[in-house]
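Engineer: The structure under discussion is supplied below as structure tokens; questions concerning it will follow.
Please treat every number below as a calculation from the coordinates, not as lab data. In this text, all values refer to a predicted model and were calculated from it rather than measured experimentally. All Cβ positions, even for glycine, are placed from backbone atoms using ideal geometry, and neighbour counts span all protein chains on display.
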Amino acid sequence: MLRVFVVGVVVGVLLVIGGTYYYFVSGMAPVATADPPLPYEKKIASKSKNAHMRKQTMPPSLVAPDEPNLLAGAKVYKEQCASCHGLPDQPPPAISEGMYPHSPLLFKGKGVTDDPPGETHWTIANGIRLTGMPSFRNTLTDTQVWQVAQLLANADKISDSVKGVLAPVPTGVIPAGTHSTATAPSSK
């Protein structure tokens with residue numbers, strides 16, 4: 001009797017594994033960004049990330065959330081992050097709408113102001129698999145990563161000068177210190 005039960009459990013487990021494998025290799029699983037998510041996909045991914053981060057020791061911030069660091073963080077954010085995560089008081093970037101999951105708008109709602117800067121630092125430095133969030137570990141210095149993490153942790157308290165750095169550049173305006181690539185008509 002026990003032997004029949006054990007064989008039944010083993011066969012059941014193998015059927016679940018085989019069925020899951022077939023679901024993915026047969027092309028039935030959603031893979032396009034416009035496809036609906038798998039059941040519990042967001043919950044499982046979030047739990048996995050949170051469990052992984054709980055096992056990590058989050059280092060204390062190397063930079064203070066002072067005006068010079070927030071200004072520096074705003075410059076880096078605008079150059080490296082805004083194309084996916086947006087700017088304050090601006091519509092979502094088009095690229096965000098084409099991603100799955102959509103990249104969070106970090107200046108809309110609470111953003112990540114309720115997360116410790118260490119968690120945001122970890123996310124920026126390491127990226128998050130299967131989300132489009134790259135690792136900036138080899139792109140930015142650790143100080144720059146901390147400056148962006150402090151900016152985002154304090155996004156609800158930034159000064160007008162920091163907001164000014166984050167303001168979009170109006171189209172057709174050439175920033176000071178740069179030259180237009182257009183050439184003047186020649187006079188022949």
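Engineer: Apply the a/c threshold of 1.5 to the C-alpha gyration tensor of the range 14-56 and tell me whether it is rounded, prolate or oblate.
Structural biologist: Details: a/c = 3.23, a/b = 1.57, b/c = 2.05.
Since a/c reaches 1.5 but b/c is at least a/b, the shape of the range 14-56 is classed as oblate.
Engineer: Same structure again: What are the residues whose amide H is under 5 Å from the amide H of MET133, where those residues sit 5 or more places off or on another chain and H is modelled from the backbone?
Structural biologist: Those lying under 5 Å, H to H, from MET133 are ILE128.
Engineer: Among LEU166, LEU62, rank each residue by its count of other Cβ atoms within 10 Å, from fewest to most, as a rough exposure measure. Could you put the intermediate results ahead of the total?
Structural biologist: Details: LEU166 22, LEU62 15.
The most exposed by this proxy come first: LEU62, LEU166.
Engineer: Could you put ILE124, ILE95 in order, starting from the residue whose Cβ has the fewest other Cβ atoms within 10 Å?
Structural biologist: Details: ILE124 25, ILE95 14.
The order, fewest Cβ neighbours first, is ILE95, ILE124.
Engineer: What label, among [x] 1.16; [y] 1.03; [z] 1.00, belongs to Rg/Rh (Cα atoms, Kirkwood Rh) computed from the structure on display?
Structural biologist: So the structure-derived entry is [x].
Engineer: Now, a different point. Tell me the net charge near GLU41. Cut-off is 14 Å between Cβ atoms, GLU41 excluded, with +1 for each Lys or Arg and -1 for each Asp or Glu. Spell out each step's value before the answer.
Structural biologist: Details: positive: LYS42, LYS43, LYS47, LYS49, ARG129; negative: ASP35.
Charge balance near GLU41 sits at +4.
Engineer: Right, here's the next one. Among MET1, MET28, what is the fewest-to-most ranking by other Cβ atoms within 10 Å?
Structural biologist: Fewest-to-most ranking of MET1, MET28: MET1, MET28.
Engineer: Are there any helices in the chain, counted as whole DSSP H runs, that stretch 15 Å or more along their axis by Cα and score at least 1.6 on average by Kyte-Doolittle, and if so which?
Structural biologist: Within the chain the helices that satisfy the rule are 2-25.
Engineer: Also, I was wondering about something else. Just in the range 69-136: which trypsin sites (Lys or Arg not before Pro) are loop by DSSP and have at most 11 other Cβ atoms within 10 Å? Walk me through the numbers before you get to the answer.
Structural biologist: Working: sites: LYS75, LYS78, LYS108, LYS110, ARG129; in loops: LYS108, LYS110, ARG129.
Sparse-neighbourhood loop trypsin sites (Lys or Arg not before Pro): LYS110, ARG129.
Engineer: Could you identify which residue out of GLY127, GLY73, GLY18 has the top mean-square fluctuation in a GNM of the chain using Cα springs shorter than 10 Å?
Structural biologist: Residue with maximal mean-square fluctuation among GLY127, GLY73, GLY18: GLY18.
Engineer: Where is the GNM fluctuation largest for the chain (alpha-carbon springs, 10 angstrom cutoff): ALA149, ALA32, ALA82?
Structural biologist: Residue with maximal mean-square fluctuation among ALA149, ALA32, ALA82: ALA32.
Engineer: Which of GLN90, GLY132, ASN154 sits closest to the plus end of the dipole of the range 58-166, meaning its Cα is farthest towards the positive end, when Lys and Arg get +1 and Asp and Glu get -1 on the C-beta?
Structural biologist: The residue sitting most towards the positive pole is GLY132.
Engineer: Under unit Cβ charges (Lys, Arg +1; Asp, Glu -1), what dipole magnitude, rounded to 20 debye, does the range 39-101 have relative to its Cα centre? Write out the running numbers ahead of the final one.
Structural biologist: Details: 8 positive and 6 negative charges, 107 e Å.
That gives a dipole near 520 debye.
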